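Read the structure below first, then the notes.
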Amino acid sequence: INVLANLSGQAALAIENAQFLKEREEMQAKLREEQTLKAIGDLAGIVSHEMGNILGKASQRVQLLMMGKYNSNPDQLKESLWYVDGLIAIAKSIWSSITEYKDKTVANVISIHPLADDISRAFNHSKKLMDTWNIKTSTLFMNSRITIIGVGTLPDIFKHLVINSVYGMETTGGEITYSAKVMPDKGVIEIVQEDTGKSLAEDIANHRTCGGEFFAEQGKQGGVSFYIAKQIIYDHKGSLELQSNNGKGTRFVIRLPLDFTRV
């Protein structure tokens, strides 16, 4: 009787634990769904804002062209056509960034990413704009042997943050620098991108961004890039902190687990 009593007690406890785990899983699934819906809503608002700006500018210039404003000046006519073409290219780039993030997220391929190579590719991606706008780059204390384990979206963190900073220095020129510090005891790496453009930290503190921290943009294409970079960091169980770069730009402090699969 005592044995049966003990067994029945253990069985009852096991059933309670199973019910608790099931309820916990359902709650976590609901939370993930809510977070996904919120992320979709945030992204939709950002894309709507940026695409609205682009289409508005294109529409204004096309209307001037239709009115024949530049017919007597071939140079202005050509410049206007190139201007509209450039806006179309930016719009395509925005959609391409979103599609790329979606495809890589679905693929969920985990691999080893050499940090120095990822940052070098990020610089090369914006090289044409940086050459045109006189923006320099440098890597400080960047050990070429540092590697991070993550999914295929990981290198895009740096690509999108670089894009965000580059557009913030379109008219002024400037510099983007990278440094990294490994914290083996915590299994974390701290990566810092600094620029000499606008201070996003000050803009956010003073509520001067279009839509709060999720739309911290430095230029005409910065909002979507910043949001995607931030989302990828969160996907990798990391964090992003914005700091003022001594009032002369922005410091993006990125903290990522060296192997996010263990988090």
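Nothing in this text is a laboratory measurement; each read-out follows from the coordinates by a stated rule. Just so it is clear, the structure is predicted and the values come from calculations on it, not from any experiment. Methodologically, a virtual Cβ is constructed for each residue, glycine included, from the backbone with ideal geometry; neighbour enumeration extends over all protein chains shown.
Brief remarks follow.
- Length gained on full extension, residue 23 to residue 6: 3.5 nm, using 0.36 nm per residue less the C-alpha separation.
- Protection proxy ranking, peptides 72-82, 52-62, average beta carbon neighbours within 10 Å, highest first: 52-62, 72-82
- Cross-link partners for residue 248 among the lysines, with Cα-Cα distance under 16 Å and sequence neighbours closer than 8 places in the same chain left out: 136, 198.
- Each peptide among 223-234, 121-132, 245-256 gets the average number of other Cβ atoms lying within 10 Å of its residues, and from highest to lowest they stand as 223-234, 245-256, 121-132.
- 14 Å beta-carbon shell around residue 84, net charge (K/R +1, D/E -1): +3
- For the pair residue 55 and residue 109, the difference between a 0.36 nm per residue extended length and the Cα-Cα distance amounts to 15.9 nm.
- Neighbour net charge for residue 105 - beta-carbon separation under 13 angstrom, K R +1, D E -1: -2
- Candidate lysines - alpha carbon under 24 Å from residue 69, same-chain residues fewer than 8 apart omitted: 57, 78
- Pairwise alpha-carbon distances in region 56-135 exceed 17 Å for 67% of all pairs.
- Isotropic mean projected area of the C-alpha convex hull, region 102-154 (nm²): 4.5
- Extension gain for residue 172-residue 253 works out to 26.8 nm (0.36 nm per residue, less the C-alpha to C-alpha distance).
- Estimated inter-spin distance, residue 239 and residue 185, nm [label 7 Å along Cα→Cβ]: 1.7
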